[in-house]
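Right, one structure below, let's go through it.
The values are calculated or read from the model by the stated rules, or taken from the named source; none is laboratory data. Here the structure is a predicted model, which means the values were calculated and not measured. Positions of Cβ are generated from backbone atoms using ideal geometry, with glycine treated the same way; all protein chains shown enter the neighbour counts.
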Amino acid sequence: MSPGVATALADRLGPGGWLPAGDIAAHLTDFRKVFTGSALGMARPTSTDEVAAAVRICADLGVAITTQGGNTGLSGGAIPSGDRPTVLLSLARMHTIEAVNAARSTITAQAGVTIEALQQEAVAADRLFAPDWGARGSATLGGAIATNAGGINVLRYGNMREQVLGLEVVLADGRIWDGLRALPKDNSGFDLKQLFIAGEGTIGIVTRAVVRMHSLPTAHRTAFAALRSLANLDELFALARSHSPGALSAFELLPEIGVAQVVGRYGIIRPVAAVADWYVLLRFSGADRIGDNLLTMLSTATDAGLVLDAVVAETTAQEDNLWLLRDELTATRSFGGFGVKYDLAVPPDRIAAFLRTASDAVEHISPGSLPYAFGHVGDGNLHFTVLRPGDDATLEADAGDLRAAIDRIVWDFDGTISAEHGLGRELRDRIAGQKPEVELELMRRVKRALDPEGTLNPGVMLPDD
Ligand code: MLT
Ligand code: ZN
């Protein structure tokens, strides 16, 4: 079976269209090297028709397909497990931005284009492509759609789902669904594209998309504030919102242990002199009076005793420096060691209470281990990790109990254990504890209806029956 599929794909996709297994090691593990797997090789189509042909070849030969974008995911959804013969499908050669329509404020692009390329194309058209996160230079449109990726601008502009107006998808049987409509309103039956967004490549392969652009803010100001106490977080968030009607575009929580690490590693100057347990990085984006409103808000917050110290970036370089600090938290997140990692969300007003409860649980279950959190608190989305620098073995031994307890706390707080990274291989079993059986059954039915042979991304997202 295996040599057959390799020959058939190499013939159909032509030069550069097929890489054998020995050449794709970097694609068989994620960048944190948490998930590894194996594949027969990597198909690299250059068009939707070639994707469809590759899918048909694999379907005929009973070979599974895992689609991989920029391989920046954190849940293992793009790494084939190797449990069954699998072809890795990369859309890296499908990276054309096909149309920028300023009148409609839309971009039509192939799935392999990077998030950064879309951002740059939008700015060239005096518009904003809003999705943004640290891996913008590698993460692709297709991967972001497949995981419904979030990032720092969700607070103002929504997730990937909110950006997508139309999709083109190759189905499990090789048919192409052209859903590339660009209508802000379309109530003509089921909104099928929503199934493929966050579908993690399990029911179809997104090959092209029409996405929204937004007005480019004519002004934006970023501030960094040292919180007096985590207990002041909700009040500061409320103050930021009330001082920036519609203009609060980011509100990120950073912990001192992360800031200290990034500052030490990258030689970034500490933004404020005060050393606090927690900091907030926030941005107002809009037009008139953005700077004045931000300063008024910060002085109100200082007078009210919510913050110890704060700074507003005055230059682009200062602003870039503040956001670099945030970007690099991602890279340093596990402090180079093992971490019990979460991409959770709870209602935004329960962040501080959640952190207290989860930290108490960590101390109880694994005394000496370190709860570490940063993230998009404006969305209730925390990247929460339990660490134990220098002693991975103890943490690994405690990991099962920690996960069981923290999952339960998240659900008790009416939250989710996956907010913006998807379920992938990491959470496919644990999600069964979060969703009612009827919901899991509906998900399985959708999978069976659209991929009856189970060819697309097996072992990802859905718990076994
Ligand atoms: C981020 O917000 O930096 C990303 O979601 C990545 C991460 O969780 O580490
Ligand atoms: Zn994030």
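Just checking, does the stretch 152-168 include any residue being more than 26 Å from residue 217 (Cβ to Cβ), in a loop (DSSP other than H, G, I, E, B) and in contact (Cβ under 8 Å) with a residue 40 or more places away in the chain? Don't jump to the end; show me each part of the working.
First pass over the stretch 152-168, keeping only residues more than 26 Å from residue 217 (Cβ to Cβ): 167-168.
In the following step, the residues that additionally are in a loop (DSSP other than H, G, I, E, B) were identified as none.
No, the stretch 152-168 has no match at all.
Per this entry, residue 151 is counted among residues that are within 16 Å of ligand 1 (Cβ to nearest atom), on the phi > 0 side of the Ramachandran plot and in contact with an Asp or Glu (Cβ under 8 Å, 6 or more places away or on another chain). Residues that are of a type in the set (S, T, N, Q) number at least 2 in the following strands (runs of 3 or more DSSP E) confined to the stretch 1-96: 64-68, 86-90.
Quick one: would you say residue 338 is within 12 Å of ligand 1 (Cβ to nearest atom), touching a helix residue (DSSP H, G or I) at 6+ places or on another chain (Cβ under 9 Å) and not hydroxyl-bearing (Ser, Thr, Tyr)?
Details: within 12 Å of ligand 1 (Cβ to nearest atom): no; touching a helix residue (DSSP H, G or I) at 6+ places or on another chain (Cβ under 9 Å): yes; not hydroxyl-bearing (Ser, Thr, Tyr): yes.
The answer is no for residue 338.
Restrict the check to the stretch 413-420 and report whether at least one residue is surrounded by fewer than 19 Cβ atoms within 10 Å (Cβ to Cβ), modelled with pLDDT of 95 or more and either away from ligand 2 (no atom under 16 Å from the Cβ) or within 22 Å of residue 336 (Cα to Cα) (or both). Yes: one or more hits.
In the stretch 192-222, which residues are among the hydrophobic types (A, V, I, L, M, F, W, C) and either out of contact with any Phe, Trp or Tyr (no Cβ under 8 Å at 6 or more places or on another chain) or modelled with pLDDT under 95 (or both)?
Narrowing the stretch 192-222 to residues among the hydrophobic types (A, V, I, L, M, F, W, C): 192, 195-198, 203, 205-206, 209-211, 213, 216, 219.
Answer for the stretch 192-222, where residues must be among the hydrophobic types (A, V, I, L, M, F, W, C) and either out of contact with any Phe, Trp or Tyr (no Cβ under 8 Å at 6 or more places or on another chain) or modelled with pLDDT under 95 (or both): 195, 196, 197, 198, 205, 209, 210, 216, 219.
In a residue-by-residue description of the stretch 347-368, the property of being touching a Pro at 6+ places or on another chain (Cβ under 6 Å), more than 16 Å from ligand 1 (Cβ to nearest atom) and without any contact (Cβ under 8 Å) to a residue 40 or more places away in the chain applies to at least one position. When 67, 46 are screened for being out of contact with any His (no Cβ under 7 Å at 6 or more places or on another chain) and within 22 Å of residue 198 (Cα to Cα), only 67 passes. Within the stretch 299-326, restricting attention to residues that are without any contact (Cβ under 8 Å) to a residue 40 or more places away in the chain and not in a helix (DSSP H, G or I), the residue that is surrounded by the most Cβ atoms within 10 Å (Cβ to Cβ) is 314.
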